[in-house]
1. Kindly evaluate Val313 against the criterion of being in contact (Cβ under 8 Å) with a residue 12 or more places away in the chain and either part of a loop (DSSP other than H, G, I, E, B) or surrounded by fewer than 17 Cβ atoms within 10 Å (Cβ to Cβ) (or both).
2. Being under 21 Å from Phe281 (Cα atoms) and touching a Gly at 6+ places or on another chain (Cβ under 8 Å) is the filter; apply it to the stretch 49-75 and report the residue that is surrounded by the most Cβ atoms within 10 Å (Cβ to Cβ).
3. When you scan the stretch 338-353, how many residues do you find that are buried (at least 24 other Cβ atoms within 10 Å of the Cβ) and either within 21 Å of Pro223 (Cα to Cα) or assigned by TED's automatic domain parsing to the domain that holds Asn195 (or both)?
4. Kindly indicate whether any position in the stretch 276-286 is within 14 Å of the ligand (Cβ to nearest atom), of a type outside the set (Gly, Ala, Ser) and not in a helix (DSSP H, G or I).
5. Which residue is nearest to the ligand (Cβ to nearest atom), if the candidates are limited to the stretch 200-223 and must be surrounded by fewer than 24 Cβ atoms within 10 Å (Cβ to Cβ) and part of a helix (DSSP H, G or I)?
6. Give Ala108, Ala101, Ala117 a once-over and let me know the one that is in contact (Cβ under 8 Å) with a residue 40 or more places away in the chain, surrounded by 23 or more Cβ atoms within 10 Å (Cβ to Cβ) and within 15 Å of the ligand (Cβ to nearest atom).
7. Hey, any hits in the stretch 406-416 for a residue that's under 24 Å from Ile196 (Cβ atoms) and at pLDDT below 95?
8. State which residue pairs qualify: first residue at pLDDT below 95 and inside the stretch 342-356, second residue part of a helix (DSSP H, G or I) and of a type in the set (Val, Ile, Thr) in any location, beta carbons under 7 Å apart, and separation of 6 or more residues or different chains.
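The values are calculated or read from the model by the stated rules, or taken from the named source; none is laboratory data. Keep in mind that this is a model prediction, so the values were computed, not measured. Neighbour counts run over all protein chains shown; Cβ positions are idealised from the backbone, glycine included.
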Amino acid sequence: MAESAANRKRSGTNDVVLGGERKKNTLRDVDPAAALALTRHEFGEHGGVNMSIEASATFTVMEPDTLRRLFAGELGPDRDFFIYSRHFNPTVLNLSRQMAALEGTEAAYCTASGMSAISSVFFQLCNSGGHVVASTTLYGGTHALLSHFLPRTCNISTTFVDIADLEAVESAIVEGKTKVLYFESVSNPSLKVANIPELCRLGHAKGVTVVVDNTFAPMVLSPARLGADVVVHSISKFISGGADIIAGAVCGPARLVNSLMDLQQGALMLLGPTMNAKVAFELSERIPHLGLRMKEHCQRALVFARRLKKLGVKVIYPGLEDHPEHDLFKSLFNKEYGYGGLLCVDMETVERANLLMGHLQNYSQFGFMAVSLGYYETLMSCSGSSTSSEMSEEEQKLAGISPGLVRMSIGYIGTLEQKWTQMEKALARFHQNQPL
Ligand SMILES: *Cc1c(COP(=O)(O)O)cnc(C)c1O
């Protein structure tokens with residue numbers, strides 16, 4: 001008898017399951033690269049080394065009663081039964097298994113964007129009248145969601161606190177009312193580093209779910225391994241690496257992932273920010289080299305940060321000893337990767353920031369003026385007037401965003417010395433006060 005496609009699934013020792021019996025999740029205890037290698041490798045329908053794409057919106061059954069059993073929840077994806085691709089899709093689930101392994105969570109599911117992953121988690125964990133405690137320094141979209149959209153549409157309120165002040169976090173949590181403690185592992189754009197273990201201890205003591213956005217530091221930091229309950233990602237950034245796809249993921253307990261997919265109550269199932277199976281396939285091909293890319297992003301960011309500082313430029317980078325959370329970062333990170341691929345240069349005023357960025361793009365070809373991050377080319381943006389412009393001047397000040405702050409996502413195209421020479425050329429032109 002021919003070997004069936006199902007038999008060709010190389011079963012990893014730590015297959016992440018959804019529902020059914022919870023297996024011991026040892027992926028939590030190992031390095032993200034090792035965990036990725038332990039997930040099952042799905043072969044293609046004809047024995048291809050790559051999985052096939054399940055490009056179907058709907059799934060057939062052999063017996064009429066099977067449909068009833070599917071809707072009753074008796075049969076599900078853990079037993080290779082699928083209903084409809086706004087619910088679980090096999091290809092999206094395979095990518096999600098990789099995401100769960102990467103973050104060391106029991107389960108994960110991928111979504112159409114980072115924002116849909118983030119908003120779905122709030123919808124799922126907070127009922128109307130619920131309360132969130134969140135960091136003052138957040139991605140602009142998340143900040144707008146919490147400060148404007150959720151209060152207006154769902155009566156979910158948020159108290160923003162400086163998460164470096166653990167006492168302030170503790171007193172902001174209202175026991176029984178606060179459902180979520182939310183922060184970014186490395187904050188956008190100020191690159192403040194969260195004390196993940198302490199914040200988790202504090203949150204758990206008060207019964208809140210700790211949700212961490214790890215978009216800035218995949219592989220580098222593992223929030224769930226440090227105690228977080230849920231890790232959310234904008235896959236659009238480093239994980240994709242191509243600046244060509246918008247995608248996101250929720251990584252967490254199987255209970256949460258299943259609840260997001262509940263036919264009556266699930267935020268992902270009912271609001272429908274669904275990832276396409278073809279997109280899931282493309283992304284799954286990029287995850288095996290995420291670690292290599294992160295190492296190069298990090299190594300170059302560290303070299304540029306050190307050299308810029310030597311030249312007297314005001315640089316913010318967690319790998320520099322003068323960064324307020326340098327030692328904290330060192331105690332938390334997966335050290336073979338580095339201190340992250342982003343650095344900030346504080347040019348003090350918007351005019352000076354714009355002049356430097358203009359020279360870096362149009363004169364020396366160091367990088368592109370564009371929002372986003374994690375691309376192979378360097379991307380630069382002045383945060384106060386772009387990705388954080390949803391925040392008021394006062395909120396920006398609180399979040400440590402100077403008007404001249406230039407965020408750089410350091411790319412790995414070209415040679416390091418070639419790119420450094422381009423940086424030096426642009427700086428020289430800036431100091432000569434040359435117009436754009
Ligand atoms: C980009 C980003 C998001 C939003 O993700 P999208 O994929 O653009 O929806 C959320 N958090 C952080 C930290 C981000 O950088």
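1. Values: in contact (Cβ under 8 Å) with a residue 12 or more places away in the chain: yes; either part of a loop (DSSP other than H, G, I, E, B) or surrounded by fewer than 17 Cβ atoms within 10 Å (Cβ to Cβ) (or both): yes.
In short, yes.
2. Within the stretch 49-75, the first condition is being under 21 Å from Phe281 (Cα atoms), and the residues that meet it are 49-59.
Remaining after also requiring touching a Gly at 6+ places or on another chain (Cβ under 8 Å): 50-52.
Details: Asn50: 12, Met51: 22, Ser52: 17.
So, considering only residues that are under 21 Å from Phe281 (Cα atoms) and touching a Gly at 6+ places or on another chain (Cβ under 8 Å), the one surrounded by the most Cβ atoms within 10 Å (Cβ to Cβ) is Met51.
3. Residues in the stretch 338-353 being buried (at least 24 other Cβ atoms within 10 Å of the Cβ) and either within 21 Å of Pro223 (Cα to Cα) or assigned by TED's automatic domain parsing to the domain that holds Asn195 (or both): 5 in total.
4. Quick first cut of the stretch 276-286, residues within 14 Å of the ligand (Cβ to nearest atom) only: 279, 283.
With the extra rule that they be of a type outside the set (Gly, Ala, Ser), the set shrinks to 279, 283.
With not in a helix (DSSP H, G or I) added as a condition, the list becomes none.
Among the residues of the stretch 276-286, not one is within 14 Å of the ligand (Cβ to nearest atom), of a type outside the set (Gly, Ala, Ser) and not in a helix (DSSP H, G or I), which makes the answer no.
5. Cys200
6. Working: Ala108 fails: within 15 Å of the ligand (Cβ to nearest atom); Ala101 fails: within 15 Å of the ligand (Cβ to nearest atom).
Unique residue meeting the criteria: Ala117.
7. As a first pass, look at the stretch 406-416 and keep what is under 24 Å from Ile196 (Cβ atoms): 407, 409-410.
Narrowing the set further to residues that are at pLDDT below 95 leaves none.
No, because not a single residue in the stretch 406-416 is under 24 Å from Ile196 (Cβ atoms) and at pLDDT below 95.
8. Every condition considered, no pair remains.
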